[in-house]
Every structure is written in C-alpha cells, then in structure tokens.
Amino acid sequence: MTPSPVQSGPAGSDGDSVVRAHGLTLSFQTADGPVHALSDIDLEIGRGEFVSLIGPSGCGKTTLLRAIADLEQPTGGNLSVNGVPAHEARLARGYGYVFQAPALYPWRTIERNVTLPLEIMGMAAGARREKARDYLELVNLSGFEKKFPWQLSGGMQQRASIARALCFDPDLLLMDEPFGALDEIVRDHLNEQLLQLWAKTQKTVVFVTHSIPEAVFLSTKIVVMSPRPGRIIDVIEADFPRERSLDIRETPEFLEVAHRVREGLRAGHSYDD
Amino acid sequence: MTIEGQGAVPGLTARIFAGHAGPIAVVVLAIVVIWYAGAVYMNAPRQMDVFKRANADWGAVDLIEGTWAQDRPILPAPHQILAELKKTIIDQKVTSKRSLVFHTWVTLSSTLLGFATGAVLGIVLAVGIVHVGTLEKSLMPWIISSQTIPILAIAPMVVVVLGAIGLKGLVPKALISTYLCFFPVTIGMVKGLRSPDPLQMDLMSTYSASPWQTFWKLRWPASLPFLFTSLKVAVAISLVGAIVGELPTGAQGGLGARLLAGSYYGQTIQIWSALFTAAALAAAMVVLVGVVERVVVRAMGGRP
C-alpha cells in the first residue's frame, strides 16, 4: 500500500475507466456569493473498482457523486461516465443510484418499487416480476414482494432501494451514504452483504461515506476530500482480498490504511473557523 | 336456573358510553333542549299577544305549548321541522313541486355538474401551474382575486347574462358552483403535485423518465391525499354555489327557491326544513368523498 498520486491510474481489471474527471469544478451561486463545492477534481475510476469518497460535511463528496449522476451541472472541466459525457450516460441509464434515504414510493408495494425503473424503460409485466423476484432474493428480501414500504424496517427499505438500483443491471452503482441513517449493527451487516453483492455482480461502485471503517472495509480505493473549496487531498489504494469478513478490521493492514485516511482528513480539515 | 349473561355482559349505559355514541347523544340532547328553550323565548311575545287578543286565561304550560305550535314562529321547534320534512319528503310524490325530494334533486344535479367541472378545472389549472413557470405568475393572482369577489355580487350577473343567450336553469347554477369549487382544488393540487421530496424527483431523473412518466408515476399518486382533502371542501361549497345561483332569479325549483319562497311568505318552518335538507345533503356528499378516499388510500397501501 504505497501512497499514490492524486491522478491515480485505473486499477480495474481490464484497464478502461468508467468515470473520468479532469479539472472538474462546480460552484453554486448563493446570496452571499459563489460557493465552490468542487475545485479542480481529477479522478479516474476503473471498471470493477469499489471507490469510496470520504470527507467531512461540506467537502463536496455528495456533490461529486451527483455530478457523476448528472444531477448537478459542473461549471468547468471535463467529466465522462462510461466513456460519454455524464448527461448522455444518464439518458442512457448508465448507472443505478442509491440515495441517503430509501426514497421508496409509499403507494407502491416493494415489488413495484423495485420494478419502477423497468416500468419506465418499458419492460413487460411478466419479465418485471421475474426481475423483482431475482433481485429481492439477492438482497435477502424474498417474501416481502407484496408489502408496502412502511411495513419494513429502515434497513430492509434501504436494501429494497439497492435492489431497485440493481434491477436494470447497470454497470455502475452510485451510492450516497446509503447506510448513514442506520444503526451500527445493521450497518455492519449491510456492509458485508454489499461486499458480497459487489463480488457477485462485478459492478463498479462509487460510495460516499463519512465513516472511516466503512470506507476502508469496503473499498479498493479511498478518495479523501476536504472542504472549502471541495477538493481531493489523497487517494489511497487498498487491496484487501475481494472476499473479506468484518474481522479484517482488527488486522494491522486495515488499521494502517485507516490511519492514513484519518491523517489525510486531519491535514485537509482546518478547524480554525 | 341459568347463569346466562351473568357478569359477562356489562350494563347498557356502560356499553353505550364505551364508544362514541354516548357522548354524541349527550351533545345532541343538549342542543335539542337549548333549542326548545330558545323557541319558547323567541316566540313567547307573539304568543302572549294571541292570548291577549282572545282574552284567554293562560298559564305557563299554555304559553309553552303555544310557542311550540305556531304557524309562522320566529324559531320553529324541532318537531315542527321534522313534521314539515315528513310532509314534504315522505307524504308527497317525488315529482310534485311540493316535494322536497324534487327540489333537492334540482339543486343536487347542478351541484354535481358544477363540482365535476370545478374539480376538473382545478386539477387542470394546478397541473399547468406546476409544470409551466410563467403560468404560476400569470394565473395565480387572478385565481386568488377571483375568490375575493362576493359570490352574491356576481351570481345575478352570471344568471342574467347567460339567460340572455338562452342558457337557463341547470348551466348557470352549475357555473357558479364551478366558480366557487375550483379554487380549493387548484390550491390543494398545486401543493400535492409539488409534494414529492427531492430524492423521489431525483430518482426519476436517474431513470431519465419523461415528464409524462414523472407525472403519472410520481406527482399524481403523491397528490391524491391533497386532492381528496380539497374535494371535501369543494363539494360542500359547490352546494352553496348552486343554492346561491337559485336565489337571484326567483327560480321555481331547488332548495334555494324553497328558501326564497319561505322568506317571502314568512314560512319559517319551510325555510328551516330546506336548510336541514341542504345540510344533510352536504354532509352526505362529504361522507361519500370520504368513502372514496378511504377506498383509494387502502388500494395505495395506506396504513390502516
């Protein structure tokens, strides 16, 4: 685990990059003048990688993820997703997005929530039901097809929203603090499940978090960000085996990576204001 | 000997007061008692005049009985109104002009027509306002100021103008109902169609859903609870609009016509029975909207 430059090369198996940002800036105009949410971001994410964006509140990690998803418009620089501009990637439904909250539609059953994207894409009803069954099984929610969201716990709802993001089989999964609102025990459990899912499906994952153990446990690459202006201050490669259990959090290698992340966060984060 | 029912069944009063029926009954009883007392108080002066003119000897009981049995009391007693309701609803053929069922139908038909067009107009306006930015700025002030004009001021104009071009009876009254009842629907639906949270909207963007899909799969279902709340208000004021529409022309049919005729001839009992019918009709329509709401909410997975 050697320190790598900010512009790290693709680490994916076949070398092509799924997300490529160069000199990316994004500022919001507010009443008090412009806010520089992202400043000069250079980032490459290779196929099959699990990349965590970590940093304190206001460091732009969610904004960066939203820019990749074409939910925010960058004010400068280049950003390509799946080899095309982010806007085209969105129109081509090139990614699945998991939000901080499950954002399930309360009037739809779990099954119909999961198949919502398929419905929009015009898949036939029979095929949709089949997909729902497969992906609900994948996130261990078999048997909950006919339930409504309020009948499920928060963790189950978030798993349903992951099934919804996966069901149309996008190569890229964008996750914005998906487990942030859940308690520690549920979170550990879902982290393990997510890792198995990632190993099983070979997706590229971009994962926003503010938890150091979560980032280190899940990732092949950890992008440390810092606020005012939002920027990348370190990119750390972590090559733990794909199949891993929560126990690796006790190993010296794990603690060393976690230490580097913490150092990076400390260096970039000035508490003088 | 049997031991049936021992200890297991609570007393009748206890059972009544366990639910809502007991408290409601007490309140209704109190209102009736106050009403009868009010009838004595309001009608006593005239009753004493009657006794004086007849040079009759009268006591307190005579006075009370008299005040509850006048032909044209200032405040009729409840049983007089009930008797009038029985006479005009049950004892008359429904096709008769004296039947309150006939008059109720005349008012109800224009209420329902006005309510239907008002609800559709309200929804269409709300959809336009939510989707087209300029419509909000250009339409909203007019929509709001339309409701500041007293309906009694424009109702005669509407009736007269439409009468001049040959539209009489149902349509002008329905139009006044529409004018009143589109407003709560528009206001409620604008709020309802905007009620999806940003994440739910973003989700649609990530699927690059068309505006049409976003409307039918997200905005519309999210707005339905707001719609039903608005419809309950709208259906009640739609009835008010229909009755107001019957007043200025001296219409021959409808609850409004009954109110007007009753006040011309001092037939207070007739006025009150028309009022009671209108209130019952409004309550029935609100309940009906509520039933539809409950069915829809259940189908949409609402919590029981």
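Quote the relative contact order of the range A:153-273 in percent (integer), defining contacts as alpha-carbon pairs under 8 Å separated by 6+ residues. Mind showing how you got there, number by number?
Values: 114 pairs, mean separation 26.5, N = 121.
Reported as a whole number, the value is 22 percent.
Across the range B:73-84, coupling constants 3J(HN,Hα) worked out from phi with the 6.51/-1.76/1.60 Karplus curve, θ = phi - 60°, read x, 5, 10, x, 7, x, 5, 5, 5, 4, 5, 5 Hz, and Gly and Pro carry x. Our summary gives the range A:100-169 a relative contact order of 48 percent, counting only alpha carbon pairs under 8 angstrom and 6 or more residues apart.
Rounded to the nearest 100 Å², what's the accessible area chains B and A bury against each other, both chains counted, probe 1.4 Å? Walk me through the intermediate numbers first.
Details: alone 18190 and 12660 Å², together 28750 Å².
Buried area between the two chains comes out at roughly 2100 Å².
Where nothing but the Cβ of Lys and Arg (+1) and of Asp and Glu (-1) is charged, how large is the charge dipole of the protein assembly as shown around its Cα centre, in debye to the nearest 20? Each step should come with its number before you reach the end.
Details: 50 positive and 49 negative charges, 602 e Å.
With only Lys, Arg, Asp and Glu charged at Cβ, the dipole is about 2900 debye.
Taking a straight line from the alpha carbon of A:Lys147, these lysines sit under 25 Å away, with near neighbours fewer than eight places off in the same chain left out: A:Lys131, B:Lys217. When you restrict to C-alpha pairs under 8 Å that are six or more residues apart and normalise by the size of the range B:100-299, the relative contact order lands at 30 percent.
Keeping every protein chain in place, order B:Val161, B:Val40, A:Val206 by accessible area at 1.4 Å, biggest value first, i.e. largest first.
Details: B:Val161 90, B:Val40 30, A:Val206 0 Å².
Heavy-atom accessible area, descending, gives B:Val161, B:Val40, A:Val206.
Each residue of the range B:141-156 was assigned a 3J(HN,Hα) from its phi angle through the Karplus curve 6.51 cos²θ - 1.76 cosθ + 1.60 (θ = phi - 60°); the sequence is x, 5, 4, 6, 5, 4, 8, 8, 7, x, 5, 5, 7, 9, 4, x Hz, with glycine and proline shown as x. Around the amide H of A:Met175, modelled in the peptide plane, lie the amide H atoms of A:Val98, A:Val206, A:Phe207, A:Val208, all under 5 Å away and 5 or more residues distant in sequence or on another chain.
Counting only alpha carbon atoms, the long axis of helix B:255-264 and the longest principal axis of chain B meet at about 40°. Ignoring ligands, DNA and RNA, please state the percent of accessible area on chain B from carbon and sulfur, probe 1.4 Å. Within chain B, the accessible surface is 72 percent carbon and sulfur.
Legend: mean number of C-beta atoms from other chains within 10 angstrom of residue C-beta atoms, peptide B:197-206, equals 6.
Using the 1.4 Å probe convention, the accessible area of the range B:100-299 works out to 46 Å² per residue with neighbouring protein chains retained.
Annotation: amide H-H contacts under 5 Å for A:Met225 (H modelled 1.01 Å from N, sequence separation of 5 or more, or interchain): A:Ile54, A:Gly55, A:Ile233. Projecting the Cα atoms of A:Ser57, B:Val291, A:Val19 onto the charge dipole of the protein assembly as shown (Cβ charges, centred on the Cα centre) puts B:Val291 farthest toward the positive pole.
Counting only protein heavy atoms and a 1.4 Å probe, the range A:100-169 has 40 square angstrom of accessible area per residue. Counting only other chain Cβ atoms within 10 Å of each residue's Cβ, the peptide B:209-220 averages 2. For A:Phe50, the amide hydrogen comes within under 5 Å of the amide hydrogens of A:Val205, A:Thr220, A:Lys221, counting only partners 5 or more places away or on other chains and with H modelled in the peptide plane. What angle do you read, to the nearest 10 degrees and between 0 and 90, between the alpha-carbon axis of helix B:268-299 and the longest principal axis of chain B? So the helix axis and the longest Cα principal axis differ by about 30 degrees.
With the whole protein complex present, A:His87 retains an accessible surface near 90 Å², based on a 1.4 Å probe.
To put it simply, the accessible area of the range A:100-169 at a 1.4 Å probe is 48 percent carbon and sulfur. Legend: mean number of C-beta atoms from other chains within 10 angstrom of residue C-beta atoms, peptide B:179-190, equals 0. For the pair B:Lys191 and A:Asp32, label points projected 7 Å from Cα toward Cβ lie 3.2 nm apart.
The alpha-carbon of B:Lys87 sits under 23 angstrom from the alpha-carbons of these lysines, leaving out residues fewer than 8 places away in its chain: B:Lys97.
If you wrap the tightest convex hull around every Cα atom of the protein assembly as shown and split its volume per residue, you get 302 Å³.
For the range A:160-194, the residues whose amide N sits under 19 Å from a probe point set 7 Å from the Cα of A:Ala124 along the beta carbon direction are A:168.
For chain B, give the magnitude of the charge dipole about the Cα centre (Cβ charges: +1 Lys/Arg, -1 Asp/Glu; no others), in debye to the nearest 20. Please report the intermediate quantities before stating the final value.
Numbers: 22 positive and 13 negative charges, 116 e Å.
Using only the charged Cβ atoms, the result is roughly 560 debye.
Working note: Karplus 6.51/-1.76/1.60 with θ = phi - 60° gives the range A:51-64 the couplings 10, 9, 9, 10, x, x, 4, x, 8, x, 5, 5, 4, 4 Hz, where Gly and Pro are set to x.
Helix-only mean residue ellipticity at 222 nm, chain B, DSSP H runs n ≥ 4 weighted -39,500 (n - 2.57), per residue, nearest 500. What is it? All intermediate terms of the calculation are to be shown ahead of the outcome.
Details: 13 runs with 222 residues, N = 304.
Dividing the helical sum by the residues of chain B leaves -24500 deg cm²/dmol.
The values are calculated or read from the model by the stated rules, or taken from the named source; none is laboratory data. Remember, predicted model here, so these are calculated numbers, not experimental data. All Cβ positions, even for glycine, are placed from backbone atoms using ideal geometry, and neighbour counts span all protein chains on display. Surface areas here come from the heavy atoms of the whole protein model, side chains and all, with no ligands, DNA or RNA. Shrake-Rupley method; radii C 1.70, N 1.55, O 1.52, S 1.80 Å.
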